[in-house]
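Here the structure comes first, spelled out in structure tokens, and everything after it is commentary.
The values are calculated or read from the model by the stated rules, or taken from the named source; none is laboratory data. Just so we're clear, the structure is a prediction, and the values are computed from it rather than from any experiment. Neighbour counts run over all protein chains shown; Cβ positions are idealised from the backbone, glycine included.
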Amino acid sequence: MVTSRYDGTARADPRGALVSAETDTRPEPGPSAPAETAGTEGGEAETAARCTERAVTHLLSRQHSEGWWKGDFETNVTMDTEDLLLREFLGIRTAEQTRATAAWIRGKQRADGSWATHTDGPGSLSTTIEGYIALRLDGDAPDAPHMAAASHWVREQGGVACARVFTRIWLALFGWWRWEDLPELPPELIFLPKWMPLNLYSFSCWARQAIVPLTIVCAHRPVVPAPFAIDELHVDAARPQPPVGKAPLLSWEGAFRRLDRALHRSRRFVPRTLRRTAIRTAVGWIIERQEADGCFNGIQPPLVYSIIALRLCGYPLDHPVLSNALRAADAFTVRTGDGKRWVEACQSPVWDTSLAVIALTDAGLAPDHPALVRAADWLLAKEVRSHGDWSVRRPRLSPGGWSFGFHNRNYPDTDDTAEAALALLRVRHPQPQRVASAVHRAVRWNLGMQSKGGPWGAYDADNTSRWPARLPFCDFGEVTDPPSADVTAHVVEMLAATGHTGHPDVRRAVGWLLRHQEDDGSWYGRWGVNHVYGTGAVLPALIDAGVPPDHPAVRRGVQWLTAQANPDGGWGERWESYTDPSWRGRGPSTASQTAWALLGLLAAGEHDSDAVHRGVGWLTRTQRTDGTWDEPEYTGTGFPGDLPLNYHLYRLLFPLCALGRYLRANGHRAGSKPAREG
């Protein structure tokens with residue numbers, strides 16, 4: 001399995017293909033060793049200070065000249081395969097692209113022939129089918145040992161018929177699956193009024209941005225000639241069948257299956273004028289949401305589905321909408337130093353830059369340091385001042401805030417807005433009023449995006465309908481955006497930092513967090529793995545909001561974190577905790593999860609506890625000589641239980657925060673060497 005050589009952002013302009021240093025797997029013996037052992041040369045605090053200084057130096061070296069930071073954003077090989085299949089569908093796939101992508105995918109194959117969705121995870125049927133097809137595109141023979149092992153594994157899991165709907169849609173594009181055996185997704189969905197169940201805005205932003213183009217694709221049901229057959233992936237190659245199973249007649253699942261059958265039967269009776277109008281309206285909806293860089297929602301899946309949909313509607317590849325979209329697809333490409341190629345599902349510069357500013361100031365970097373001022377300037381330029389889909393539920397709310405990626409004006413989110421505002425508050429900017437105005441707008445917007453009962457979701461307010469997930473089509477992960485403890489905690493932390501501790505909405509949010517503490521004392525983490533992330537986020541927010549450290553909820557959180565520490569002093573939690581509660585707080589120690597636990601404990605006043613000393617010792621022992629940490633584990637989350645993420649900068653940003661706060665809490669500070677530039 002390929003692991004990162006070292007952490008860092010790609011060294012290229014975001015508008016072009018990324019060339020990544022961090023996924024270069026050529027051996028480099030020097031930086032791979034731990035930096036030093038805690039307790040040497042002057043004690044734990046001095047060791048922590050030196051480690052902090054190394055991390056600061058490394059992080060500063062990775063800042064782009066424009067002021068931003070971005071680490072690679074890794075998911076699994078389905079993104080890489082679907083990029084090749086998109087290019088095959090369009091007739092633009094090259095042998096070089098295929099060869100470089102296949103080399104990456106081969107390196108991810110497990111010993112049993114399957115592919116997983118994350119490091120050390122179990123095999124995934126859909127991921128394995130798609131990884132196998134990518135290697136077939138590169139010419140790997142079905143009877144080659146690694147290919148035979150993969151196809152055997154697929155058949156053991158039930159074959160193609162048991163794959164997720166999205167995988168079977170890709171197969172249907174090439175005649176490897178029948179469109180008739182997929183759930184119906186009519187484009188007339190776009191006409192449902194906003195007050196009706198299952199209207200577009202009942203779905204999360206990432207789901208609706210994928211569903212609209214897919215309604216066009218499913219209406220056309222295109223089939224291009226397949227470059228080969230995949231009979232070896234079917235249990236019954238002669239007559240592959242869709243999944244079977246009976247749902248109780250009176251259950252919601254049964255009702256939605258009957259609805260899907262009715263939609264299939266009614267397809268032939270839909271008036272052509274109505275269908276053409278629906279498709280034309282959907283095309284307009286898609287184009288209206290294209291970002292400045294050509295992407296859609298800043299996410300790879302909506303991008304590729306939108307490209308296919310627009311091509312089916314007659315848009316030539318050299319049309320500005322499609323040519324810009326294809327350039328955006330190229331910009332998601334990462335090239336490694338050893339000639340491999342893979343595709344990011346998303347890009348996270350606003351998030352990474354905000355966290356980098358917070359980490360550097362936690363570590364003692366001067367607030368007027370040129371690197372921080374450049375970062376603040378870049379963040380200020382990325383503020384979202386226009387209305388987007390969020391305004392459907394909040395039509396009177398003035399815009400203000402930040403999104404996740406380089407160019408995403410349509411979908412700001414409360415989480416990025418909170419962290420960007422917290423970062424700006426750390427910087428001594430030469431134009432303080434400019435910063436204050438942006439932070440004021442962020443506070444106003446986030447307060448306006450609060451959901452019922454006091455919490456926050458990421459992209460929409462009150463996006464909690466239970467209907468979308470019941471559709472047979474929606475088997476690909478979370479399709480709504482309900483509030484979560486981690487996002488709510490980050491917003492509370494921002495509101496506290498801007499003097500809103502006593503605000504009624506903050507009190508409601510704190511009450512929601514206290515009510516949603518788990519019985520074991522932890523909090524659930526929606527966007528990071530998992531209870532270590534949630535608990536490490538909530539404890540600082542509660543303390544900042546005025547909850548005393550001796551409050552029973554804080555004490556339970558501290559006790560839970562302390563009890564989950566590994567014998568080596570670190571913390572870890574496996575991805576499986578989303579589906580198996582026995583894994584809560586359990587897993588091999590990682591740098592980011594150790595840091596999250598430390599941030600929670602330090603906020604609760606545990607700076608001199610044995611658990612904190614042991615955690616800091618783990619970080620200082622495992623730091624590499626280049627200032628970062630190794631972390632092949634996936635500690636980020638796209639869809640809980642379905643889409644693990646590996647943010648390659650997490651292993652640097654969060655440990656730097658933890659070490660800096662530990663030193664400050666104990667009356668020490670990091671060295672001053674990085675405090676000046678040049």
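Yes/no matrix, rows are residues, columns are (1) assigned to a helix (DSSP H, G or I); (2) in contact with a helix residue (DSSP H, G or I) (Cβ under 9 Å, 6 or more places away or on another chain):
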| residue | (1), (2) |
| --- | --- |
| Val487 | yes, yes |
| Met494 | yes, yes |
| Arg508 | yes, no |
| Gly511 | yes, no |
| Glu518 | no, yes |
| Gly525 | no, yes |
| Leu539 | yes, yes |
| Pro548 | no, yes |
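Taking the criterion of being at negative phi and free of Cβ contacts under 8 Å to residues at least 24 places away in the same chain, the residues of region 66-99 that qualify are Arg87, Thr94, Ala95, Glu96.
Residues in region 201-221 that are surrounded by fewer than 21 Cβ atoms within 10 Å (Cβ to Cβ) and under 15 Å from Ile279 (Cα atoms): His220, Arg221. Scanning region 639-678 for residues that are closer than 24 Å to Arg584 by Cα and modelled with pLDDT of 95 or more yields a count of 14.
Considered as a group, the residues in region 439-456 that are under 25 Å from the mean Cα position of the chain (by Cα) and not in a loop (DSSP other than H, G, I, E, B) include one that is nearest to Thr361 (Cα to Cα), and that residue is Val439. Counting the residues of region 286-318 that are more than 22 Å from Glu344 (Cβ to Cβ) and surrounded by 15 or more Cβ atoms within 10 Å (Cβ to Cβ) gives 4. The set of residues in region 158-175 that are without any contact (Cβ under 8 Å) to a residue 60 or more places away in the chain and surrounded by fewer than 19 Cβ atoms within 10 Å (Cβ to Cβ) contains only Gly175. Selection of region 397-434 for residues being hydrophobic (A, V, I, L, M, F, W, C) and either crowded, with 24+ Cβ neighbours inside 10 Å or in a loop (DSSP other than H, G, I, E, B) (or both) yields Leu397, Trp402, Phe404, Phe406, Ala418, Ala420, Ala421, Ala423, Leu424, Val427.
Selection over region 559-577 of residues that are within 18 Å of Leu645 (Cβ to Cβ), out of contact with any Gly (no Cβ under 6 Å at 6 or more places or on another chain) and not small (Gly, Ala, Ser) gives a count of 2. Can you find a residue that is in contact with a His (Cβ under 9 Å, 6 or more places away or on another chain), surrounded by 24 or more Cβ atoms within 10 Å (Cβ to Cβ) and of a type in the set (Asp, Glu) anywhere in region 632-655? Yes, some residue in region 632-655 is in contact with a His (Cβ under 9 Å, 6 or more places away or on another chain), surrounded by 24 or more Cβ atoms within 10 Å (Cβ to Cβ) and of a type in the set (Asp, Glu).
In region 555-579, the residues that are among the hydroxyl-bearing types (Ser, Thr, Tyr) reach residues that are outside any loop (DSSP other than H, G, I, E, B) with C-beta atoms within less than 6 angstrom, at least six apart or across chains, in these pairs: Thr562/Ala611; Ser577/Trp583.
Scanning region 482-495 for residues that are surrounded by fewer than 22 Cβ atoms within 10 Å (Cβ to Cβ) and under 17 Å from Leu425 (Cβ atoms) gives no hits. The residues in region 562-603 that are in a helix (DSSP H, G or I) and among the charged types (D, E, K, R) can be counted, and the count is 1. In a residue-by-residue description of region 599-616, the property of being of a type outside the set (S, T, N, Q), within 15 Å of Asn530 (Cβ to Cβ), at pLDDT 95 or above and touching a Pro at 6+ places or on another chain (Cβ under 7 Å) applies to at least one position. The single condition among (1) over 23 Å from Gly405 (Cα atoms); (2) buried (at least 22 other Cβ atoms within 10 Å of the Cβ) that Asp83 does not meet is (1).
So that you can scan it fast, the table gives a plain yes or no per residue for (1) of a type in the set (Ser, Thr, Tyr); (2) modelled with pLDDT of 95 or more:
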{"position": "Glu288", "(1), (2)": "no, yes"}
{"position": "Gly298", "(1), (2)": "no, no"}
{"position": "Leu310", "(1), (2)": "no, yes"}
{"position": "Tyr315", "(1), (2)": "yes, yes"}
{"position": "His319", "(1), (2)": "no, yes"}
{"position": "Gly337", "(1), (2)": "no, no"}
{"position": "Trp342", "(1), (2)": "no, yes"}
{"position": "Asp352", "(1), (2)": "no, yes"}
{"position": "Leu360", "(1), (2)": "no, yes"}
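Scanning region 616-629 turns up no residue that is under 30 Å from Gly457 (Cβ atoms) and among the β-branched types (Val, Ile, Thr). The set of residues in region 446-458 that are surrounded by fewer than 23 Cβ atoms within 10 Å (Cβ to Cβ) and not aliphatic (A, V, I, L, M) comprises Gly448, Ser451, Lys452, Gly453, Gly454. Looking across region 635-664, the residues that are under 12 Å from Asp72 (Cβ atoms) and under 10 Å from the mean Cα position of the chain (by Cα) come down to Gly636, Leu645, Asn646, Tyr647. Among the conditions (1) in contact with a Leu (Cβ under 9 Å, 6 or more places away or on another chain); (2) over 28 Å from Val270 (Cβ atoms), the only one that Glu156 does not satisfy is (1).
Let's see how each residue does on (1) touching a residue at least 40 places away in the same chain (Cβ under 8 Å); (2) over 16 Å from Cys218 (Cβ atoms):
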residue	(1), (2)
Ala262	no, no
Ser266	no, no
Ala282	yes, no
Gln290	no, yes
Asp293	yes, yes
Ile299	yes, yes
Ala309	yes, no
Leu317	yes, yes
Leu322	no, yes
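Only residues that are part of a helix (DSSP H, G or I) and either closer than 17 Å to Phe89 by Cβ or not acidic (Asp, Glu) (or both) were counted in region 332-355, giving 6.
Only residues in region 480-507 that are more than 15 Å from Ser451 (Cα to Cα) count as the first member; pair them with residues that are of a type in the set (Gly, Ala, Ser), Cβ under 6 angstrom, at least 6 apart or cross-chain, and list the lot. Cβ pairs passing all conditions: Glu493/Ala541; Met494/Ala418; Met494/Ala421; Ala496/Ala545; Thr501/Ala545; Thr501/Gly546.
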